[in-house]
Amino acid sequence: MHKATASRLVATLAHHGLVERNPVTDKVRLGFGLIHLAGSAMASMDLIGQARPILQELAEATRETVNLAVLDGDLVLNIDQIAGTRSVVSVSWVGRRTPVHCTSNGKVLLAFASPAERERLLSFPLERRTPNTITDPSVLGEELDKVRGRGWARTVEELEEGLNAVAAPVRRADGVVAAAVSVAGPAFRMRSVELPRIGRLAVDAGDSISRSMGYVKTGVGARVGKRQPSVERRQSVGGS
């Protein structure tokens, strides 16, 4: 590699704190920015590890595909998936990035984002993926307010024709929404009339993952220090 090229690459790494120059020898050494990267990676791995059993319960209860996703820049990144027993085709969404405005996971992450982050993400042109995709920021903003109110989001053939989904938030110990858990399936099975019931199951799963991450819900109806019934058990006992 040419010396000038190497120098530019090192300068870029140094700008992000990944390397630094030794003030005595002027040689390049690893920077503290790597600690931040490692911490972020470990946090994601911990989230996946804590969430996996609950995702499996949700997939068993709904028999549809369940995904765990986080916000990655301007897009939604799917970081784990459990295939439902009724899945005809095994398609992995892990590692795939999808738009925030036309996915249930994305709507959850948008709805619970800070006002500044929400405004930033809605400032981009909203791509129309299907005839049902919401491309008007004001209309989408009204729906996001509803998502915050009821605690879960829905998409009805907005990302792909024939695909419906619901999602609910996952909170860190400090209460900040860090991820979303979703259930997706073909529209002929996950009909619009069924989405509220499945949405409540997603909320139960999101709450369970949040508790495993150290979040303690406060306020009326909060149950401190006591684990809620699992998704599967609540469905079999309560019928919804």
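What's the carbon and sulfur percent of the range 61-102's accessible surface, probe 1.4 angstrom, rounded to a whole number?
51
Using a 1.4 angstrom probe on the protein heavy atoms only, line up VAL177, VAL76 by accessible area, largest first.
The most accessible residue leads, giving VAL177, VAL76.
Keeping all protein chains in the complex and leaving out DNA, RNA and ligands, what accessible area do you get for LYS217 with a 1.4 Å probe, in Å² to the nearest 10?
Using a 1.4 Å probe on the heavy atoms, I get roughly 110 Å².
Can you check what the net charge comes to around ALA113, using other residues whose Cβ is under 11 Å from the Cβ of ALA113 (Lys, Arg +1; Asp, Glu -1)?
+2
Shape of the range 97-210 from its Cα gyration tensor (a ≥ b ≥ c, root eigenvalues): rounded if a/c is under 1.5, otherwise prolate when a/b > b/c, or oblate?
It comes out oblate by the Cα gyration axes.
For the range 111-181, which GluC sites (Glu not before Pro) are in a loop by DSSP, counting at most 10 other Cβ atoms within 10 Å?
Those that pass, being in a loop and sparsely packed, are GLU127.
Got a number for carbon plus sulfur as a percent of the range 112-203's accessible area, 1.4 Å probe?
52
Using a/c under 1.5 as the rounded threshold, could you call the range 120-186 rounded, prolate or oblate? The axes a ≥ b ≥ c are square roots of the C-alpha gyration tensor eigenvalues, and prolate needs a/b larger than b/c, oblate otherwise.
Oblate is the answer for the range 120-186, as a/c is 1.5 or above yet b/c matches or exceeds a/b.
Quick check: net charge around SER210, other residues with Cβ under 10 Å of its Cβ, Lys/Arg +1 and Asp/Glu -1?
Residues close to SER210 contribute a combined charge of +3.
The values are calculated or read from the model by the stated rules, or taken from the named source; none is laboratory data. The shown structure was predicted, so the numbers you read here are calculated from the model rather than taken from an experiment. Please note: Cβ atoms are built from the backbone with ideal geometry, for glycine as well, and neighbour counts cover all protein chains shown. Protein only, heavy atoms only, side chains kept; ligands, DNA and RNA dropped before computing areas. Shrake-Rupley method; radii C 1.70, N 1.55, O 1.52, S 1.80 Å.
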